[in-house]
1. Hey, could you check region 193-220 for residues that are among the β-branched types (V, I, T) and buried (at least 20 other Cβ atoms within 10 Å of the Cβ) and say which is farthest from S90 (Cα to Cα)?
2. Out of A78, A85, report the one residue that is among the small types (G, A, S) and more than 21 Å from M175 (Cβ to Cβ).
3. Quick check on my filter: what residues within region 64-89 are in contact (Cβ under 8 Å) with a residue 60 or more places away in the chain and under 20 Å from V212 (Cα atoms)?
4. Cβ-Cβ distance below 6 Å, separation of 6 or more or different chains: which pairs start in region 182-199 with a residue that is at pLDDT below 95 and end on one that is not in a loop (DSSP other than H, G, I, E, B)?
5. Kindly evaluate V45 against the criterion of being more than 30 Å from S200 (Cβ to Cβ), modelled with pLDDT of 90 or more and outside any loop (DSSP other than H, G, I, E, B).
6. Looking at T106, T92, T144, which one is under 21 Å from T195 (Cα atoms), surrounded by fewer than 18 Cβ atoms within 10 Å (Cβ to Cβ) and either out of contact with any strand residue (DSSP E or B) (no Cβ under 9 Å at 6 or more places or on another chain) or in contact (Cβ under 8 Å) with a residue 12 or more places away in the chain (or both)?
7. So, Y149, is that one more than 24 Å from D164 (Cα to Cα), within 14 Å of the chain's Cα centre (by Cα) and not hydrophobic (A, V, I, L, M, F, W, C) or not?
8. Looking at region 63-120, which of its residues are farther than 24 Å from P204 by Cβ, touching a helix residue (DSSP H, G or I) at 6+ places or on another chain (Cβ under 9 Å) and outside any loop (DSSP other than H, G, I, E, B)?
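The values are calculated or read from the model by the stated rules, or taken from the named source; none is laboratory data. Computed from a predicted structure; not experimentally measured. Because the Cβ atoms are built from the backbone with ideal geometry, glycine has one as well, and the counts that use them run over all protein chains shown.
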Amino acid sequence: MSAKPMSRRTKILGAVAATGVMLAAGTTVAESRGWWSPRDNEVRVMLPAGNSNPAIANGVAMGGEVAIYQSSGLGPTALNPGAPAGSPESYTDPALTAGKEGVTITEAQALVVLRNIVTNLQAAGLRPDDVITMKCYLVAAPGTQTADYAGWNRAYRQYFANIDLASHEVIEVPMGTSPPAEPLVANDARPARATIEIPSLAVPGWLVEVEVTAAYPNRR
């Protein structure tokens, strides 16, 4: 599947230079707040210094008049009829990983979850590049000791943080152990993100659940 570039660029201010994300020696808290505090209709994204391709933001500041949307936690849809009902494998879509090698079950589920997030956003009049914060909840796959953070991060890059902020070029990203290729959705958004491992999720077989906050561009 070829990348689907975002035709509407997010109007979020990113601070890539060190002066934009670090407090200089002697700077007071009041001074830093005055510099960083967004205008009423503005969203400011704090990015790691000197990095043109960070995966996530250090933080996001929103003005009081910014209209935002908060999704519920969304999990994967059961789209694999060849797997036992209710199994982790059933909550994958073979079409998303066709021709790819080494895709983990968490990664495969996450690809479905993130596509569901895109659909959810579109229903609310939003796009993936409007996302400003994200929370992901992971469960360790059966037979493993810890959650598959690496698989989650590969899936995440298929939908987010895959355009270089300096060159504006789409970056090829890996799926499983296959060579890097064009992402499923080209998107320059770098949300402020948290990823947490938990013992279980509400639906047996789910290994991934994601919720996002997005800002409406016509209200900022």
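1. Checked region 193-220; the qualifying residue farthest from S90 (Cα to Cα) is V212.
2. When all the criteria are applied, what remains is A85.
3. E65, V66, A67, I68, Y69, Q70, S71, S72, G73, L74, G75, P76
4. So the pair list comes out empty.
5. yes
6. So the residue among T106, T92, T144 that is under 21 Å from T195 (Cα atoms), surrounded by fewer than 18 Cβ atoms within 10 Å (Cβ to Cβ) and either out of contact with any strand residue (DSSP E or B) (no Cβ under 9 Å at 6 or more places or on another chain) or in contact (Cβ under 8 Å) with a residue 12 or more places away in the chain (or both) is T144.
7. Judged against the criteria, Y149 is not a match.
8. I68, Y69, V118
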